[in-house]
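Structure first, then comments.
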Amino acid sequence: MKYKSFKFLTKRRTEAGLFLIIFLGIFTFIGSRMGLPNMLNTIMQTSYSLLIDTVFYIMAITVLSGALGKLLTEFGVVRLLEVMLKPLMKPLYNLPGVAALGSLLTFLSDNPAIISLAKDQNFNRYFKKYQLISLTNFGTSFGMGLVVIIFMAGRGFGYAAIVGLIGAVIGSIISTRLMQKFTIKLYPELETEQVEGGDEQKISFKSEGSVFLRGLNAILDGGKTGVDLGLAIIPGVLIISTFVMILTFGAGAEGYTGKAYEGIALLPYLAQKINFVFEWLFGFHNPELIAFPITSLGAVGAALGLIPKFQNAGLLDGNAIAVFTAMGMCWSGFLSTHTAMLDSLGYRKLTGKALLSHTIGGLFAGISAHWIFVILSLLF
């Protein structure tokens, strides 16, 4: 017993020591370039600017889109879309038709919607085990899709955002299909095993009351959900985006002054070394743009925080927005969602395969969006 306690303490102390070395090493490196006072001021000023100029703008969108999503659900539009999309599920994704509901709910809200849906026996009874596991990749390919598209359209890039949506669909097909292959390879018995339980009649969107009250309640409830989502993205935007911006942008015209959005330009420096790859695959003419897909891995809401700065710097065009939309939707914070969902399904060992499949899917989403945009630009 004493040996186990000693081993545990040693492991914890080693972990703490490594964390301090990495943590202090990163900020020492940044501080040595910017100067400690300037670094601290830039962190605070950037976070404040993101909160005022970006987070509240995104929150306004999430409130409006939340209300819209709830209205679409309340008055049966989501059900109608589900019926229309059902015929596509089997040939494209090798999933039962009811899976369309999962993509619609995550598109209208965020990735966590697929977790609660996958636990519902009245929903998952239509799936074989390997299909239900691949729902992790399918559902998370459309997270915050409506918010992302509205945000991009609000910046004047509605057409490019629609092209990005097509790219996200392509990425979702690749991700879902790959996950199914990985699952069957590791667990061949799941290919024929059906999920049991549930009652088809219970899958419904029952509503009561007059049309006016239903509409009013839907708007208020959806708006409240939008507020919750808007609040949930604050840590990601302020912490992740601030850190990414420090690594993306350089000093101002007057050098380091501690103003917002200054940094050490490390990511563009590294991306410049292989910029020909990003230019051919995604059409990125500026290495700074690689910051968006990287940030999307953690939270697409945080990645959206980069858009105003990119636009003000004149770095954006329609192609970049199409790629951002595709990769942002497909990668929308999947690093956390996949782990939670597979753990709830009892297949945590497949987390690595799910992440690999989705990483590949997201890359192809961006590549597809780029080349579709190029082809459409040549045609029209």
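The values are calculated or read from the model by the stated rules, or taken from the named source; none is laboratory data. Model, not experiment: these values are computed from the prediction. Reconstructed Cβ throughout: ideal geometry from the backbone, glycine too, with neighbour counts over all protein chains shown.
Counting just the residues of the stretch 125-181 that are basic (Lys, Arg) and not in a loop (DSSP other than H, G, I, E, B), which one comes out surrounded by the fewest Cβ atoms within 10 Å (Cβ to Cβ)?
181
How many residues does the stretch 107-124 contain that are of a type outside the set (Phe, Trp, Tyr), assigned to a helix (DSSP H, G or I) and in contact (Cβ under 8 Å) with a residue 60 or more places away in the chain?
Of the residues in that region, 7 qualify.
Given the criterion over 28 Å from residue 359 (Cβ atoms) and more than 14 Å from the chain's Cα centre (by Cα), identify the matching residue among 98, 83.
When all the criteria are applied, what remains is 83.
Looking at (1) out of contact with any Phe, Trp or Tyr (no Cβ under 9 Å at 6 or more places or on another chain); (2) surrounded by fewer than 20 Cβ atoms within 10 Å (Cβ to Cβ); (3) basic (Lys, Arg), find the lone condition where residue 70 falls short.
Here residue 70 clears every test but (2).
Out of curiosity, is residue 65 crowded, with 16+ Cβ neighbours inside 10 Å and assigned to a helix (DSSP H, G or I)?
So residue 65 fits the description; yes.
Just give me the residues in the stretch 345-380 being touching a Gly at 6+ places or on another chain (Cβ under 7 Å) and under 16 Å from residue 135 (Cβ atoms), in sequence order.
Residue satisfying the conditions is 361 alone.
Which numbered condition trips up residue 98, out of (1) touching a residue at least 60 places away in the same chain (Cβ under 8 Å); (2) crowded, with 19+ Cβ neighbours inside 10 Å; (3) under 20 Å from residue 221 (Cα atoms); (4) not acidic (Asp, Glu)?
It is condition (3) that residue 98 fails.
Could you identify the single residue in 340, 302, 322 that is under 21 Å from the mean Cα position of the chain (by Cα), among the aliphatic types (A, V, I, L, M) and at pLDDT 90 or above?
The unique qualifying residue is 322.
Give the stretch 292-307 a look and list any residue that's surrounded by fewer than 23 Cβ atoms within 10 Å (Cβ to Cβ) and in contact with a helix residue (DSSP H, G or I) (Cβ under 6 Å, 6 or more places away or on another chain), or say none.
Residues satisfying the conditions are 297, 298.
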